[in-house]
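Written below as structure tokens is the structure these notes are about.
Every number in this text was worked out from the coordinates using simple rules, so none of it is lab data. Predicted model only: the values in this text are computed from it and were never measured. Don't worry about glycine lacking a Cβ; one is built from the backbone with ideal geometry, like all the others, and counts go over all protein chains shown.
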Amino acid sequence: MERRLVVGVDSSTQSCKVVVVDAATGEVVREGRAAHPDGTEVPPAAWWSALGEALDSAGGLADVAAISVGGQQHGLVALDAEGRVVRDALLWNDTRSADAAAAMVAELGPEEWVRRSGLVPVASFTGTKLRWLRDAEPEAAARVAAVALPHDWLSWRLRGYGPADESPLGPDLDALATDASDASGTAYWDPARREYDGGLFELALGRPLREADPAQGAGPEARDATPGTTGAVVVPRVVAPDAAQGTLDVDVPLAGGGTAPAGLVVGPGAGDNAGAALGLGLGPGDVAVSLGTSGTVFGVTTAAVADPTGTVAGFADATGARLPIVTTLNAARVLDLVARLLDVDHDRLGELALEAPAGAGGLVLVPWFVGERTPNRPDATASLTGLTPLTTDRAHLARAAVEGMLCALAEGLAAVEGTGTVVRRVLLIGGAARNEAVRTVAAQVLGHDVELPAPGEYVALGAAVQATWVATGSRPAWSVATTTVPAHPRPEVLAAYRAAAA
């Protein structure tokens, strides 16, 4: 029997990764990748070009039944009535909206924000970027006819929509669609009621919202928000976890010369962390600690999540449950910066770190190099304390870098547990998790045995799970092999970090 192939996409901050997967077994049969530009402000066209390049390098879509797109959360993609991007997208790690976030919290109070959206606004969330746009670039804000997120916009373009001179189906804003996980990171969608909160959106942009409605098509009513208007703004409809955004009726040209063929099914997509949870097969009691450029701690629970401190955001996951999450701005970037300072690669940095004792002899790095989201200190800088003649060497600094990165995430894990989320299993993922020093320190500061999944593109694999789900009607149960590093608690390491970060 000919095997059915599906595609999962991870359009992350740094790059676009594509996996072509056997829907029956979860085996990755082809892969592709393309880089994204650096920065916290990026033209979405660069993502579209990278998607085409990555799909081409993965062998294209001619033999594929379905595709789904996972992507970085929160990025603001503002469109005008002609489907054109109003300005470069502001990414999750752009902190210029910190003052806007503080003002929005002050206006309603943190408890009300948690009650209505499951989170307390910080600079990362889309709603705060809309407030910044309203106040800092009012002419651009007046042109906004629709607001999407990165995976929403890419899926819309993949389905054939966009500016009339760039797409076969034109600028039908009512074709925009998303999923619950990404909608729940906007700060104007309620993961408990599972619907948009128009009042919160209007608090952000000063305009009412209207959820996209495919039945309206691209007619005059759907496009009544013309440049310069102050009318309702279209937001993507939220599709169910097992529902397709749509099936292509026409061949869609891709950047770079490839084609998305008619008949291709496009799945709901997901925010990157929800995609990773799906790819890892996380269930209630499972928590992942992810070490990308930024760091995240996220788990799956069926219980309500409420944290008025704002430390834990109560997002939706990609299955209908909840995804409590803590995010830091500084994770693997900490290792990058210290490795560059010491003129070594990551492997050698890890070797140096293991030459120093646990606790680095009292040397503590608080690694807020680009400010921090958790705790919410967007203007903070990194600090190094405990320098003595015995700790001022390469090994102690390397150890302090690894410990500082992981202690920040241990604080996140404690915060997730503090919401009542049960933690039975901790999985360590991301490229930095392959480093022996990172694994050793994680087992010392996280307070749990640490499970290490086999290296893989788990956000893209989660999107492939979605593609299989919509193509076959059933959610697949692909296995993920792990190895375990037993816990070796060193609570004094985390205690020293807390004292230095206070």
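Placing a label point 7 Å from the Cα of L390 along the Cα-to-Cβ line, the residues of region 477-502 whose backbone N sits under 18 Å from it are 492-493, 496-497.
Take the convex hull of the alpha carbons in region 85-233; its mean projected area over all directions comes to 8.5 nm². Convex hull volume per residue, computed on the Cα atoms of region 5-268, equals 115 Å³.
Take the alpha carbon atoms of region 32-68, find their center, do the same for region 327-358, and report the distance between the two centers in whole angstrom. For region 32-68 versus region 327-358, the Cα centre distance is 30 Å.
Rounded to the nearest 0.05, the FRET efficiency derived from the C-beta distance between T381 and A45 at R0 = 35 Å is 0.55. Calculated from the alpha-carbon coordinates, region 1-157 shows an Rg and a Dmax of 18.2, 61 Å respectively.
Summing charges over all other residues whose Cβ lies under 12 Å from the Cβ of G420, with Lys and Arg as +1 and Asp and Glu as -1, gives -1.
Among residues other than V289 with Cβ under 13 Å from its Cβ, the summed charge is -3 (Lys and Arg +1, Asp and Glu -1). Across all Cα pairs in the chain, the calculated P(r) in 20 Å bins from zero up to the longest distance comes to 25, 56, 18, 1 percent per bin. Taking the centroid of alpha carbons for each part, region 169-197 and region 405-447 are 31 Å apart.
Taking the DSSP bridge list for region 5-268 and keeping only pairs wholly inside it, about 65 percent are antiparallel.
Only Cα pairs under 8 Å and at least 6 apart count here; give the relative contact order of the chain as a rounded whole percent. Relative contact order, the chain: 16 percent.
Given R0 = 22 Å, the distance between the Cβ atoms of E166 and V250 translates into a calculated FRET efficiency of 0.95. Using a simple spin-label model with pseudo-atoms 7 Å out from Cα toward Cβ, R475 and E139 lie 4.9 nm apart. Dividing the Cα radius of gyration of region 115-200 by its Kirkwood radius returns 1.00 for Rg/Rh.
Is any residue of region 449-479 close enough, with backbone N under 14 Å, to a label point placed 7 angstrom from the Cα of R3 along the Cα-Cβ axis, and if so, which? So the set is 478-479. Within the set of other residues whose C-beta is less than 9 Å from the C-beta of G32, count the net charge using Lys and Arg as +1 and Asp and Glu as -1. So the surrounding residues net to 0.
Take the Cα of T259, step 7 Å toward its Cβ, do the same at E492, and the gap between the two points is 6.8 nm.
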